[in-house]
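**Q** Here it is, the structure in full.
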Amino acid sequence: MDYPFPGPKSLPALIWTVVVVLLILAAVPLVRMLARKRKASVESRPYPSLIADRVVAGIGAVATLGIAGLFPFGPGRMSPGIATFLLALLSAVVALHICWAVSITRPGADLWRRILEVVVPYGIAGMVFFVLITVRDSQAGARSAQCRGKLKYLLFGLHNYHDVTGTFPTLATDDELPPRSWRVDLLPYLDHIWLREQYVDQAAWDAEENRPVTHHRPESGFVYDCPSSPRRDDEQGRLFAAYFGVRGPNTLFPDGRASRIKDVTDGTSNTIAIVEACGRPIVWTEPRDIDLAEQAVGVNLPGEQPGRSRGVISSYHHAGGHVGLADGSVRFVSEKIDPNLLRALLSANGGDAAVGF
């Protein structure tokens, strides 16, 4: 069974708004019909207490906020089926309340004033909802900007590493005992030389000797994780990495050897160096990365478990993920990208033309 990543797709806020407005406007003919019947009636109906009417309006407004609040927030995204049901329920509450208010209004009273008194609480609740939506979107934008900044910093470290050693770092292989992640080797070029000095090369990444490094939790943020990821560490408190190199033929990190800038014959602006892959729960010091022989070429593809993705790129940003190119720039890759184009971008010297990127 496949599980969608990063979760069930939710309806956009604009569609939510349009559906609610249309359903509310659909109640207008019913309101007019009730108004005509009220005027034709010769008997005056008793008008309920003002307090009772306000209580009903208040309950309706709270229900509006409750239903709307469930839609854009929470640990996961709401499925379209549940979202549609809640939209219909909310619209029915508003329409029935308006119809009820019209039906009990005394003949001769200002009908539209009564309708306005009913609609105002829902309007206030709706404005609060849009404020919450705006805050949420601004926070998502800030987290996306932080993610781009971290990738940019990693690319800066990669090029510093290349300037000093003459090559890019290599991905860990079984020939290296014990294997060591390139993320550890890059630490001195990211102003973390003191952390690199604590890492014991002769011990495995998860050995007790390297516990101070694997359990390192900086106070001012961590360069290898994405702020949008909801789960950022494992049960032992070790931080997950969000950025990986891609192993495979003709990639920037081929098996068994290190690449140089001059090896990128497809063009540094058309070659992916680092990908964002939050759908892979890998501790940052663990010598594992993305292998094209095991991962599918795609963005936010479904996975075998919730929170997992078998795509080479996976993120909790809206509709795509970030990649760092060999020229030091950061680009956003859409979920709808052509797999052939993405495969060409992953190639450093395969002669593939990345047309349309």
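**Q** Please report the Cα spread of the stretch 267-357 along all three principal axes, rounded to whole Å, starting with the longest.
**A** Extents along the principal axes: 35, 29, 23 Å.
**Q** Further, regarding this structure: Which shape class, rounded, prolate or oblate, goes with the stretch 141-185 when its Cα gyration tensor gives a ≥ b ≥ c as root eigenvalues, a/c under 1.5 marks rounded, and past that a/b bigger than b/c marks prolate?
**A** Cα axes put the stretch 141-185 in the oblate bin.
Any read-out appearing in this document is the output of simple, stated calculations on the displayed coordinates, not a laboratory observation. Keep in mind it's a predicted model, so treat the numbers as computed, not measured.
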